[in-house]
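Working notes, beginning with the structure itself.
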Amino acid sequence: MEQRIAVDRKKGASAGNPVKTILEWYQGENPGVLTNLARMLNHGTLAGTGKMVILPVDQGFEHGPARSFAENPAGYHPHYHFQFAIDAGCNAYAAPLGFLEAGAAEFAGEIPLILKLNNSDSLFSSSDPCPAITGSVQDALRLGCCAIGYTIYPGSSMRNQMYEDLRELTQEAKASGLAVVVWAYPRGSGLSKEGETAVDVAGYAAQVSAQLGAHVIKVKTPTAHIEQPEARKVFEKQKIPVDTMADRVRHIVQSAFNGRRILIFSGGAAKGTDEILEEIRGVRDGGGFGSIIGRNSFQRPKAEALKLLSNVMDIYLNKN
Amino acid sequence: MEQRIAVDRKKGASAGNPVKTILEWYQGENPGVLTNLARMLNHGTLAGTGKMVILPVDQGFEHGPARSFAENPAGYHPHYHFQFAIDAGCNAYAAPLGFLEAGAAEFAGEIPLILKLNNSDSLFSSSDPCPAITGSVQDALRLGCCAIGYTIYPGSSMRNQMYEDLRELTQEAKASGLAVVVWAYPRGSGLSKEGETAVDVAGYAAQVSAQLGAHVIKVKTPTAHIEQPEARKVFEKQKIPVDTMADRVRHIVQSAFNGRRILIFSGGAAKGTDEILEEIRGVRDGGGFGSIIGRNSFQRPKAEALKLLSNVMDIYLNKN
Amino acid sequence: MEQRIAVDRKKGASAGNPVKTILEWYQGENPGVLTNLARMLNHGTLAGTGKMVILPVDQGFEHGPARSFAENPAGYHPHYHFQFAIDAGCNAYAAPLGFLEAGAAEFAGEIPLILKLNNSDSLFSSSDPCPAITGSVQDALRLGCCAIGYTIYPGSSMRNQMYEDLRELTQEAKASGLAVVVWAYPRGSGLSKEGETAVDVAGYAAQVSAQLGAHVIKVKTPTAHIEQPEARKVFEKQKIPVDTMADRVRHIVQSAFNGRRILIFSGGAAKGTDEILEEIRGVRDGGGFGSIIGRNSFQRPKAEALKLLSNVMDIYLNKN
Amino acid sequence: MEQRIAVDRKKGASAGNPVKTILEWYQGENPGVLTNLARMLNHGTLAGTGKMVILPVDQGFEHGPARSFAENPAGYHPHYHFQFAIDAGCNAYAAPLGFLEAGAAEFAGEIPLILKLNNSDSLFSSSDPCPAITGSVQDALRLGCCAIGYTIYPGSSMRNQMYEDLRELTQEAKASGLAVVVWAYPRGSGLSKEGETAVDVAGYAAQVSAQLGAHVIKVKTPTAHIEQPEARKVFEKQKIPVDTMADRVRHIVQSAFNGRRILIFSGGAAKGTDEILEEIRGVRDGGGFGSIIGRNSFQRPKAEALKLLSNVMDIYLNKN
Amino acid sequence: MEQRIAVDRKKGASAGNPVKTILEWYQGENPGVLTNLARMLNHGTLAGTGKMVILPVDQGFEHGPARSFAENPAGYHPHYHFQFAIDAGCNAYAAPLGFLEAGAAEFAGEIPLILKLNNSDSLFSSSDPCPAITGSVQDALRLGCCAIGYTIYPGSSMRNQMYEDLRELTQEAKASGLAVVVWAYPRGSGLSKEGETAVDVAGYAAQVSAQLGAHVIKVKTPTAHIEQPEARKVFEKQKIPVDTMADRVRHIVQSAFNGRRILIFSGGAAKGTDEILEEIRGVRDGGGFGSIIGRNSFQRPKAEALKLLSNVMDIYLNKN
């Protein structure tokens, strides 16, 4: 039996450490995955709090360059986003292959990276979308990333293709010690437009992502709409509150393994500062783990965007 | 020629041992498969009886989290189901990748696990459904599982895709000594709604599963409806009784290689306790090998659910 | 953040559970490895105590059949050893490929198996021995084993070949969720005959095994001899006690990661019962995790051997 | 042509940043390698200075547990070294497979790790040594390591085997974004005992390591002895100073691509504090990049060892 | 049938173009190999003449850094040699892995590179030497090289190992379109010291290299000594002239497929300028294709070395 020596970590040592507490939820994973989750959780302004703010810039691929960068032309330059994520104190920066290749050497070691492994452009659109796989786990390793990122569209007739591709990439990523971040964006002919951000659908998308083995899950901030009749019955019978953002976030957090998966929220389209901050207070109050803020940051002038992210982080630090 | 030594197992030694008897039906399989079947058959309250009660929790993926867990919110937590299966004395716990990853380390060695390798969400629905493959045999090995689980939808135009994927997974699983559990759920444009649980269809689905190499087959408790006209002629000509649940179960058991494959039954949607127990008496009396009870257990308060499963197991132990 | 629900395992729940405590030492491993360690630790008379008694029968290969089995001819029969391990309440039975193939189907699920992956015969002998690899990880899976076994001979000029082969097999075994048991037998031209069981050498062999990634390590009960001059200086300077078996075992347990690796002891050549039991009391008192007893069990008449193992287990249960 | 945007990093921005300057020396490598070098260079007390102090603990394997840990028995425990490296503010902790597996999950994200991929035990000794390969690049990835470590023995008849194995591991490591740390220890029948630490031999070993593609090279602090007659002629003709440690370090730094490879020094056997610190002042003054201090740290009581490393780091910070 | 079109290259167009003429000798090779040969032949001062002067710097590995670089310490810096080869107008620069990795990015596209794939250090010496393989074809591709380089030691008992390794590397290099440069250095217990540069041996080594598939062969300038008695008989009987350097070069050129393989000569140890130039006039007059000049260039001050190479090239341009 182990001979007790003073160096042993005290049991329960993780109690006061949010990052250690979070890592305990993933103890079926190998130490490489835990290390890469910790690299993100321990970086930037929110380091060590268990909260995360991630900068994602895949809109150049998804929406085209003019729609993405003309508002703030500095964003055409791939270095802009690396430097912005660093200056803003983000936990990580997520982008497709090309954007990461264009700066990963110059900014090596300065900001945790997430390689978005699939992307859709909007030169062809489909009511049942499915992104193309545009990068690999090996790319993520050679670029020094902490994680792979992947988008699923629950509600699309192509969802199974996405789930199956994700499963293969996840298995490979985990074997190499990389974390897996899933963008869960309900979309497709199975859903109404309103349903894409319905609270029941958001919770369902979070659940599906967690069941697929995601470590970090990103959903859109949900509305109070309930899309599925069977779900509506349950929400009503169980009186699940959905009136406030905090209520709705709480439901989705619960849907992601009772809060044992890192769940972060995006705000979607660019909007006003007050609106964003109010939304983020709801995310915080509902137990969300953070935000992933793209257009609302890189489409503003840098100073203004840095101010916004600083305010956002203050909310997660309970300063605001 | 073998020198007779007293240590030889007496021929027929298995006569009084239900588990040994069952394993003899699978003697074409390698010892790893037999061992993993035995791990499930020798675990829990029904250990050694040749009967099984399995806890399946894939509804979070299949129906969404609110519909699955809001009734008994403890079920949002992945550990709840591990602990419930242990406390209830189940033979095994079956779930998709994420739910098993979220507890397999913490509960290692406490409950046999079945990794459900394919799953469907209901944000998109199709009249000819086909689940996504969401896990691998390698995942099952690294998580310490006894078996893989897989759903087929006989009656769907996509059935061949499912059968062919199952065949590949089965081949790989057996080579690694894992057992194969098939959820046989007739569904799709080839069948009427009523036909999904028709007794002829259930028997057919059990036969197809057995022919595909399944070790354990799960079907829904059948109705007396007979879907296929050609089948109806035979049922009538041969006077195959289908009036009672026991009658119908007996037909399906016979259809699964004359009772030489482990055939278990699910009750489907949540229902009243008496109704469930009555159904299960029918399963037992018809020669069924057990039950797989999901929603009817995890959607009740834990104490009530434990009581229900205890009553179910008493039926299989002929105490009730 | 996780919503606290009563189902959460209480922190420190493992404190009173020896098996859980042991599994915590291996938390870098995947749940499959933990499960297979638990299968052995939770089987037989010593189930749940954190102690192990394993039956190894590789002497037919290592010493030849007559030297191994003529004394108790029942042992020629491969089933004898399976049945003996079961009847004696062992935690596991370890043997080369052929012996396991000859009974794994018949005894499926009755006793955890360890496939010895390398073996030496004595028809050719070398002062620098290196066993042949005689089985594979895939064999272990198809036979339903919990672990692979492997012998290293530290002190042989061929040691590096053994270490490198072990490394590859270990990597493959762990990826498939199997545990790794290493027989660490110092031997070869680098050591004197007396040195093979020297206390410093035994500790060194245990350390090397642990560094190579072994989960369970088997060494011979050590003598008070100290082989290496540099080690002798340290033993003397630090006054490391080596007078009693318990003292020596304590040093080796400490050498195996301060007691955080399962370390078991073999008695080697057949000897008298009292001598064996006395030795085992030393192993227990020094903090050893158990015994691996081959010749001293299968070369006695079965009844006598069962009695011996029962007495051994009583020692580990502190009844004796 | 690139449109000048204010976000561009100014050329020469790295001038004042020692880590950026160092990374520029490796610009042929992929961003993953640069990131992992940066992870080490930016960690601990010396973060950002371009200097490194690494804790290596492979002596349990190399010299045996008693010789390594009996002096300070806390070191038998694998967690001790992780915690010590963290508390001491080291840049990284290097150890063989077993020691890393035994703590990488518990300490995930707290200290950069280097997996030593080859190791020798001293139960067999050879005048022409060659370590066994005891880990893999895949192991390094799954354990979350920044780098692989590897020992070469220039001067051994087996050197080519080591160089060729290193080449393969290096190629695989770099493709996965891992850094490569080489322990260059001249030894073997091609050298006299005195020659193992001769200044010409140390410079030669550093050159060979750099030519083999090492990113970080560790040599022993050299003596003024010159081993090779042809080298002696050059040292005399060119009046290469070797009188002081700084002189000798300067030659070796120059030999490692004119100071464009990270070269660190070990002190070897345990010795007095003043002697160590004096040596390290020489390393610093000669342009060395840091120290790798094993026995001199973990064989002292923890408080004393922390004090020593603090003093060592102060030297590199030019405070002492 | 091919339709005659005016764009057809005129037959015999290559008559006046030395590079085209040379490429015709290799027309069994794929266009990638031809392209890479052309890249070297069309670079630098001698571009287009069919002559080559190559800078090789592997002495840091082969002889150690002090012996190689102390005379002209600028050579410790890996960039020095890239820049020197460019400034001197060399056709290519050849070096081991580390030296190329340390500058290939910075000098990309400025000078054709040859990756020396095997190297020997002199800390261990053997009468039957065999270099270690220290790089791969994959390394050559990722570094943007035109060719791999490889040393064989005909006369060593290890020659077959070298020939076989070369064969594998050659096959892989050619499949990837890389050229193959062989350093043919007779050496080993099969030869006397004098025999290493004997004219018969040099011719033999060139023939072996060509038979092994080399595109470019490097030998030392030969002496008039004839090593092998059987060869001597033939030289005498056929009155093969060996008195002048031009005579001897002519024999070796003839031995390399009658001049249809690019054969270049090294001068070996550093020596006086006049001696070198005289030797090179002999190479030119005997039909040699050029020189490979290492120590005689990088061990002189840069200005002096540039002057020397300029003089050498003037000889090949028939200006001197």
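The values are calculated or read from the model by the stated rules, or taken from the named source; none is laboratory data. It should be emphasised that the depicted structure is a prediction, and the values quoted were computed from it without experimental measurement. Ideal geometry is used to build each Cβ from the backbone, glycine not excepted, and the neighbour counts take in all protein chains shown. Only protein heavy atoms, including side chains, enter the accessible area calculation; ligands, DNA and RNA are left aside. Shrake-Rupley method; radii C 1.70, N 1.55, O 1.52, S 1.80 Å.
At a glance:
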quantity: Pair list, Cβ under 8 Å, 6 or more apart: region E:163-178 residue touching a residue at least 12 places away in the same chain (Cβ under 8 Å) and aromatic (Phe, Trp, Tyr), other residue outside any helix (DSSP H, G or I) and surrounded by 15 or more Cβ atoms within 10 Å (Cβ to Cβ); calculated: E:163/E:152; E:163/E:212
quantity: Count of residues meeting criterion [part of a loop (DSSP other than H, G, I, E, B) and either under 15 Å from the mean Cα position of the chain (by Cα) or under 17 Å from residue C:316 (Cα atoms) (or both)] in region C:218-274; calculated: 8
quantity: Residue that is surrounded by the fewest Cβ atoms within 10 Å (Cβ to Cβ), among those in region A:137-162 that are of a type in the set (D, E, K, R) and without any contact (Cβ under 8 Å) to a residue 40 or more places away in the chain; calculated: A:142
quantity: Region E:48-79, residues that are open to solvent by 10 Å² or more (accessible area, probe 1.4 Å), more than 8 Å from chain D (Cβ to nearest Cβ) and either part of a helix (DSSP H, G or I) or at pLDDT below 95 (or both); calculated: E:59, E:62, E:74, E:79
quantity: Test: residue C:214 is at the interface with chain D (Cβ under 9 Å from one of its Cβ atoms), buried (at least 24 other Cβ atoms within 10 Å of the Cβ), at pLDDT 95 or above and farther than 23 Å from residue C:33 by Cβ; calculated: no
quantity: Test result for residue D:6, within 10 Å of chain A (Cβ to nearest Cβ) and at pLDDT below 95; calculated: yes
quantity: Single condition residue A:230 does not satisfy, out of (1) in contact with a Ser or Thr (Cβ under 9 Å, 6 or more places away or on another chain); (2) more than 22 Å from residue B:68 (Cβ to Cβ); (3) open to solvent by 30 Å² or more (accessible area, probe 1.4 Å); calculated: (2)
quantity: Positions within region D:163-197 being at the interface with chain E (Cβ under 10 Å from one of its Cβ atoms), open to solvent by less than 30 Å² (accessible area, probe 1.4 Å) and closer than 22 Å to residue D:252 by Cα, in sequence order; calculated: D:163, D:166, D:186, D:188, D:191, D:195
quantity: Those residues of region B:109-133 which are out of contact with any Lys or Arg (no Cβ under 9 Å at 6 or more places or on another chain) and either of a type in the set (A, V, I, L, M, F, W, C) or at positive phi (or both), in sequence order; calculated: B:111, B:113, B:114, B:115, B:117
quantity: Any hit, region E:88-104, residues being facing chain D (nearest Cβ under 7 Å) and more than 25 Å from residue D:200 (Cα to Cα); calculated: yes
quantity: Members of region D:216-234 that are in contact with a helix residue (DSSP H, G or I) (Cβ under 7 Å, 6 or more places away or on another chain) and either free of Cβ contacts under 8 Å to residues at least 24 places away in the same chain or more than 18 Å from residue D:154 (Cβ to Cβ) (or both); calculated: D:224, D:230, D:234
quantity: Search result, residues across region C:89-104 that are in a helix (DSSP H, G or I), among the hydrophobic types (A, V, I, L, M, F, W, C) and open to solvent by 10 Å² or more (accessible area, probe 1.4 Å); calculated: C:97, C:99
quantity: Residue that is surrounded by the fewest Cβ atoms within 10 Å (Cβ to Cβ) [pool: residues in region D:262-277 that are among the charged types (D, E, K, R) and without any contact (Cβ under 8 Å) to a residue 12 or more places away in the chain]; calculated: D:274
quantity: Residue in region A:278-312 that is nearest to residue A:19 (Cα to Cα), counting only those that are surrounded by fewer than 22 Cβ atoms within 10 Å (Cβ to Cβ), free of Cβ contacts under 8 Å to residues at least 60 places away in the same chain and aliphatic (A, V, I, L, M); calculated: A:308
quantity: Flag if residue D:33 is open to solvent by less than 10 Å² (accessible area, probe 1.4 Å), more than 10 Å from chain A (Cβ to nearest Cβ) and touching a residue at least 24 places away in the same chain (Cβ under 8 Å); calculated: no
quantity: Selected residue (criterion: least open to solvent (accessible area, probe 1.4 Å)) from residues of region A:105-128 that are out of contact with any Pro (no Cβ under 6 Å at 6 or more places or on another chain) and among the charged types (D, E, K, R); calculated: A:128
